[in-house]
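Colleague: Handing you a structure now.
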Amino acid sequence: MRRRFGSPIAVAVELSKGPIVYALQKHDCFVIFPVNPSTLAKYREAFQPSRAKDDPTDAELAVDLILRHPERFKPLQPQSVEIRMLASLVEQRRNFVGDKIRITNRLRFALKQYYPQMLEWFDHIDTPLFCDFLVRWPTLLQVKRARKSTLRKFFHAHNMRFEHVVERRLDAIKAATPLTLDAAVVVPHRLQALVYVEQLRVMLNAIKQFDIEIESVAQQHEDYALFTALPGAGPNLAPRLLVAFGEQRERYKSAADIQKYSGVAPVTERSGKKHWVHWRWQCPTFLRQTFVEWAAQTINKSYWAGEFYRQQRAKGNTYQAAVRALALNVYVSFIVVG
């Protein structure tokens, strides 16, 4: 293609990452222009109201868009290896966290069928302590047969040194009565719970490995300290915030640009006498999730963030609406402008 057309060669694709993009980026003769699939679909419908779709036709329309409206599309400029690696790591880690939540929800449901006391004895079920306890004593009858000294030794081996907590659990175990003794209920749900425990252990280990790698990569970037200093950022959200703003900050000419791009800014629609403000549907979901999750973490770590949140709740907004408002009106503006 270089011998035939020369260099550079513009390529319009409906992706900003993926195997085809990575393959094209190996060759410096290609300049990649990502085209939003929704934009291309609307452009196609302007000429084909029947909504008939054909890949070759879409390719021609993508080229037509680039040629007719070059000012509307920006070429893909890869960031540094560290930022791109960190972006992939933090997103994959968040996916594993989602998997962990799904597994814990299933585990909680299985335990409620035959062994609900476990959920009362432990505040968190996504811990090695919980997993080890359930594997060793998978039913209430088995744990009630265990000696107090054995149970106390188990808790101490898992660094549970608060004697009042240990004693409270021992007393609760002694006083507990089985929900059911029906083997048709206990046996299958016991096996189900043990399977979920093994899956949970794999997820916990995976998240731990990703945390180690993320910390190692993030600390190599000179701007990492800027984001660790933010209230509520911590070791999990600081790398995600670094990735969110990246190195090409000239992309955002104002706070409104990143608010709209990340999806924390709502969309206003007006038609005649109708006025509708709604959730932004087209946006990078993970980026929006980063800002919203960080805003939630700052409520108890920043006085003015807490005041803003409580003000929103006093207006009748739900928790999620208040957190989204916090991400929109305070934090994104503060970082970009301040």
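Every read-out reported here was derived from the displayed coordinates using simple, explicitly stated rules and does not represent laboratory data. From a predicted model like this one, the values you see are computed outputs, not experimental measurements. Heads up, the Cβs are rebuilt from the backbone with ideal geometry, glycines too, and the neighbour counts pull from every protein chain shown.
Colleague: From the alpha carbon gyration tensor of the range 103-193, can you work out the equivalent ellipsoid semi-axes (sqrt of 5 times each eigenvalue) and give them in Å, largest to smallest?
Modeller: Details: eigenvalues 93, 45, 24 Å².
Sorted largest first and rounded, they come to 22, 15, 11 Å.
Colleague: If I stretch the segment between N300 and V165 completely, what's the gain in nm (0.36 nm per residue apart, minus their alpha carbon distance), one decimal? Write out the running numbers ahead of the final one.
Modeller: Working: separation 135, 0.36 × 135 = 48.60 nm, distance 2.58 nm.
In short, 46.0 nm is gained.
Colleague: Taking Cα atoms of the range 251-337, Rg/Rh with Kirkwood Rh, to two decimals?
Modeller: On the way: Rg = 13.4 Å, Rh = 13.6 Å.
Answer for the range 251-337: 0.99.
Colleague: Let me ask something additional. Collect residues whose amide H, placed 1.01 Å from N in the peptide plane, falls under 5 Å from the amide H of V31; neighbours closer than 5 in sequence don't count.
Modeller: Distant-sequence amide H within range of V31: I9, A10, V11.
Colleague: Using DSSP, restrict attention to beta bridges with both residues in the chain and report what percent are antiparallel, rounded to the nearest 5. Don't skip to the answer; put the middle values down first.
Modeller: Values: 5 of 10 bridges.
Around 50 percent of the beta bridges assigned by DSSP in the chain are antiparallel ones.
Colleague: For the chain, modelled as a Gaussian network with Cα springs under 10 Å, which listed residue fluctuates most, F47, F245, F133?
Modeller: F47
Colleague: Rounded to the nearest 500, what is the 222 nm mean residue ellipticity of the chain from helices alone, with -39500 (n - 2.57) per DSSP H run of 4+ residues and division by all residues?
Modeller: Working: 18 runs with 213 residues, N = 338.
Result for the chain, helices only: -19500 deg cm²/dmol.
Colleague: Step through the table entries K42/K74; K17/K74; K17/K253; K153/K174, compare each Cα-Cα distance with 21 Å, and write down the pairs that go over it. Spell out each step's value before the answer.
Modeller: Working: K42/K74 19 Å; K17/K74 15 Å; K17/K253 24 Å; K153/K174 16 Å.
Exceeds cut-off: K17/K253.
Colleague: On to the next question. Kindly put S271, S302, S16, S262 in sequence by how many other C-beta atoms sit within 10 Å of each C-beta, fewest to most.
Modeller: On the way: S271 7, S302 19, S16 12, S262 24.
Fewest-to-most Cβ neighbours within 10 Å comes out as S271, S16, S302, S262.
Colleague: Here's a follow-up. May I ask you to derive the FRET efficiency for K112 and W276 from their Cβ-Cβ distance with R0 = 30 Å, giving the value to the nearest 0.05?
Modeller: Rounded to the nearest 0.05, the efficiency is 0.15.
Colleague: Still on this structure, I have one more. Calculate the spin-label point distance for A59 paired with Q209, positioning each point 7 Å from the Cα along the beta-carbon direction, and give it in nanometres.
Modeller: 3.9 nm
Colleague: Could you work out which residue, out of L328, L89, L179, moves most in a Gaussian network model of the chain, that is, has the largest mean-square fluctuation with Cα springs under 10 Å?
Modeller: L179
Colleague: Connecting C-alpha atoms closer than 10 Å in a GNM of the chain, tell me which of P49, P239, P70 has the biggest fluctuation.
Modeller: Maximum fluctuation in the GNM of the chain, among the listed residues, is at P49.
Colleague: Among the GluC sites (Glu not before Pro) in the range 220-307, which ones are in a DSSP loop with at most 11 other Cβ atoms within 10 Å of the Cβ? Mind listing them? All intermediate terms of the calculation are to be shown ahead of the outcome.
Modeller: Details: sites: E222, E247, E250, E269, E293, E307; in loops: E222, E247.
Sparse-neighbourhood loop GluC sites (Glu not before Pro): E222.
Colleague: Turning to a different aspect of this structure: Compute the Cα gyration tensor for the range 32-84, then decide on rounded, prolate or oblate, letting a ≥ b ≥ c be the square roots of its eigenvalues: rounded whenever a/c is under 1.5, prolate when a/b is larger than b/c in the other cases, and oblate in all that remain.
Modeller: On the way: a/c = 2.99, a/b = 2.19, b/c = 1.36.
Note, shape of the range 32-84 comes out prolate.
Colleague: Of all alpha-carbon pairs in the chain, indicate the percentage at a distance above 37 angstrom. Don't jump to the answer; show the numbers that get you there.
Modeller: Numbers: 23459 of 56953 pairs.
Above the 37 Å cut-off, the chain has 41 percent of its Cα pairs.
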